[in-house]
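To keep things clear, I will list the structure first and then write my remarks on it.
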Amino acid sequence: MFSRSIFAFTIAAFLSMISPVKAEGWTSGGYKGEALVCPPKGVGPFPTIIFNHAKIVDKFGVSGAYDKGYDLDGICRAFAKEGYLAFMPIRQHGHENNRKHIENLLSEVTNALMAAKARKDVDSSRIAFGGHSRGGVLTLLAGTRGIPVKALFMLAPGMPGLFSKAVKRVDRIRVPVLAMIANDDEEFLSNIT
């Protein structure tokens, strides 16, 4: 009996430390979407990270991507644990790669940013915009168009051809940028000119 109580207490204490992941709807600029949202402990408004996920979520959804090792919920919780409100738009436009499709995705993520900025729990003066893989490329493209954020970050950005073209327009970006690319990512690095 005593050991069950300790076990239950331990589980409850552990779960109370984990920021909940909530799926919330958003609207902005004629777009409607859904985002995973993880607020940190405390009272906002909070510094915020808008995180654009990889193509695997476009192809398989959040739970299907998780089954393949891409833990978007875990990423969301990790940002919240560090004191940031994490806002992760789940793109609605599928996984094609043509120019029109990429423009639709870009419009979607920039409108998701504007929806996040309008939230009462978001400190709109302290927003970082970033992403992984395809989300990293969308970050760079949005940055070259002057989105209103304090910083940009890209983790292993994908689509090297499109990334290479976007890099030629980085002089348009007026905020700090962090790009993390593995030095052994030969396919990606060989396509950057």
Give K81/K120; K22/K150; K32/K68 a once-over and call out the pairs whose C-alpha atoms are over 23 Å from each other. K22/K150; K32/K68
Which length gain, in nm to one decimal place, applies between H101 and M114 when the Cα-Cα distance is subtracted from 0.36 nm times their residue separation? 2.7 nm
In vacuo Debye scattering of region 70-164, one point per C-alpha: log10 I(q)/I(0) at q = 0.10 Å⁻¹? -0.26
Relative to the compact-globule estimate 2.2 N^0.38 Å (N residues), the Cα gyration radius of region 29-91 stands at a ratio of 1.16
For a Förster distance of 41 Å, can you work out the FRET efficiency between the beta-carbons of D123 and N183, rounded to the nearest 0.05? 0.70
Using only alpha carbon pairs under 8 Å that are at least six residues apart, calculate the relative contact order of region 29-128 and give it in whole percent. 44
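Any read-out appearing in this document is the output of simple, stated calculations on the displayed coordinates, not a laboratory observation. Please read all numbers here as calculations on a predicted model, not as lab measurements. So basically every Cβ, Gly included, is an ideal-geometry build from the backbone, and we count neighbours across all protein chains shown.
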